[in-house]
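Computed from the coordinates by the stated procedures, all read-outs in this text should not be read as laboratory data. Not measured: the values here are computed from a predicted model. Glycine gets a Cβ as well: all are built from the backbone with ideal geometry, and neighbour counts include every protein chain shown.
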Amino acid sequence: AATVHQDFIRQIVRDDLAANKHQAIHTRFPPEPNGYLHIGHAKAICLSFGIANEFNGWCNLRLDDTNPGREDPEFVEGIKDDVHWLGFQWHDLRHASDYFEVFYRSAIKLIEDGVAYVDDLPVEEMRAYRGTLTAPGRNSPYRDRSVEENLDLFRRMRAGEFADGSKTLRAKIDMASGNMNMRDPAIYRIRKVTHQNTGDAWPIYPMYDYAHCLSDALEGITHSLCTLEFEDHRPLYDWFVDRVDLPNHPELWQALRESGFRTEPAKPRQIEFSRLNLSYCITSKRKLAQLVSEGHVDGWDDPRMNTLRGLRRRGFTPAGLRLLIDRVGVSKQNSVIDYAILEGCIREDLDATSARRMAVLDPIKLVLTNVPEDHEETLHFPNHPKDESFGMRDVPFAREVWIERDDFAEVPPKGFHRLKPDGEVRLRGVGIIKCEQLVKDAGGNLIELHGTLDPTTRHGLPGADRKVKGTIHWVSAKHAVAAEVRLYDRQFNVPEPDDEEDGKSWLEHINPEAKRVVQAWLEPAAAKVAPEQRFQFERLGYFVADRVDHRIESPVFNRTVTLRDIWAK
Ligand code: ATP
Ligand code: MG
Ligand code: MG
């Protein structure tokens, strides 16, 4: 059922549309291509793309590539792929670097208007002049340069005449402002670094606060949604948007449109919402990058990682992640969402969408001595207990089956309803079996169980209704397919790994049990599948054929999530 969202941002959008403030809603998602997207980004994506879809507007994907050197085309491709995977389509794909010329001309306009100047203070001194939260800053000695001198110096900065860091273009606002962001923030810095899109064309690069709001204005973004840490930047956002005033200055961007760009500048409005924080997780690209570079994981797509790639490889579904974002909602309240809520959303989606299969992860053999040695039989199992549209599958049965080692207890604890010496249990879809003999090696280790099948208890036969307490799953030993199964769990073993107050580095909280690999036996119908196919392995959890390593000849499955919360206290 479609959810009706009632959050404050959608209310603003509704009001704006009702007041005819905009003809259509335009949003954007502006990641910096310096890493892969993580679960936190899923919130920003679902919000900006979701609102655009709900109100028949559009959303651009804009790569905020104003920091050359930290950015990589590999990440650009990854980001595009992840947004599509989550289920969204962008209207235009843009790069902030597409606008470098517009930004430059806009800066010249600011200089001409007397509200920007070239400063020669070195970075450290500029910082000292900035003051503190309790003390006002001081004006730079270069603040009163003439417009002509500023224009000349800025053009020469652009021409590459000065060394990195030797000059900065700054906005002339207010060094005594209570908002530190308004104390003559930098607009351009000199950095002779090759850019992945513009090469060596630019020795100067615009600052985020300047480039971001002008990109929004240029693309006609009506609602620019971002996280709360930008709240203090909003006055600066509005300052640049108003001072440059792109809608009324076509000379600044006409050339862009003539080159084929769809551009209809408007005055955007920035609205902040709280970040998604998940317990037992890290949502910082820098730290995720560190996990990769220091080898704590096997890459950005390691299923332990809460990158979208990692979650995807782990078997999480786009619908499950969108459900999480719906449940969490949108507000200005910072909070940490329990990882169990994410798992619950994924289970909910996978329960409805995954066919069932049988797999044995820690096998012990059970020989049914009253089943003839050459007996072979094909049973028919429904693929889904609650949804007939999933159809049926063939499950081979024979005298020897694998069962889970922990479905048998020689000395059963109280309340144990599975197999025990002389006990009975139902073998799923086969009938009731009785354990009659334990076969042990010289060292006393259990190697095999022998038992008998009560043939009258088969489905459809008179004894079928005979009650036993437990039902266990199994795989015919003769038909079983060997598989590697990777059992994943939470990446960190404390709820807030990057809480620095405990005096420990977040790296010390890595859960060493977050990945365990076992050799398992699968029923044949679980093996002949394509990568990324998902199943519920009955009684064990949801699993996915690994999108990189799975082969029909050598299956590899990842555990997405257990059937029940194993972390609940
Ligand atoms: P990180 O701090 O992990 O590097 P970022 O905010 O620097 O993330 P960007 O690529 O700049 O990464 O993010 C693109 C957009 O995603 C931004 O608008 C940002 O506000 C949003 N975003 C990032 N992290 C989260 C989060 N945890 N929850 C919601 N939105 C987020
Ligand atoms: Mg960022
Ligand atoms: Mg950041």
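A few points about this structure:
- Remark: for residue pairs LYS80/LYS287; LYS386/LYS414; LYS167/LYS287; LYS43/LYS515; LYS285/LYS504, the C-alpha separation exceeds 28 Å in LYS386/LYS414; LYS167/LYS287.
- Other-chain or far-sequence residues with amide H under 5 Å of GLU532's (modelled H): ALA545, ASP546, ARG547
- Relative contact order (%) - criterion: Cα under 8 Å, at least six apart; region: the chain: 11
- Note on segment 483-537: Cα-only Rg and Dmax are 16.8, 51 Å.
- Residues whose placed amide H lies under 5 Å from that of THR560, excluding near-sequence neighbours: TYR542, PHE543, VAL544
- Order of VAL118, VAL468, VAL371, VAL123 under a 10 Å beta carbon neighbour criterion, fewest first: VAL123, VAL468, VAL371, VAL118
- Crossing angle, helix 39-54 versus the chain [Cα axis fit, 0-90 degrees, rounded to tens]: 70
- Between segment 495-540 and segment 279-308, the alpha-carbon center distance in angstrom: 14
- Anchor LYS434: aspartates and glutamates whose Cα lies under 12 Å away (excluding residues fewer than 8 positions away in-chain): ASP422, GLU424, ASP454
- Using just its DSSP H runs of length 4 or more, each adding -39500 (n - 2.57), the chain gives a mean residue ellipticity at 222 nm of -7500 deg cm²/dmol after division by all residues.
- Inter-part distance where segment 420-454 and segment 87-148 are each reduced to a Cα centre, Å: 77
- Rounded to 5, percent antiparallel among DSSP beta bridges of segment 359-473: 75
- For segment 87-237: rounded, prolate or oblate by the Cα gyration tensor [a/c cutoff 1.5]: oblate
- The mean sequence separation of alpha-carbon pairs under 8 Å and at least six residues apart, normalised by the residue count of segment 9-273, gives a relative contact order of 18 percent.
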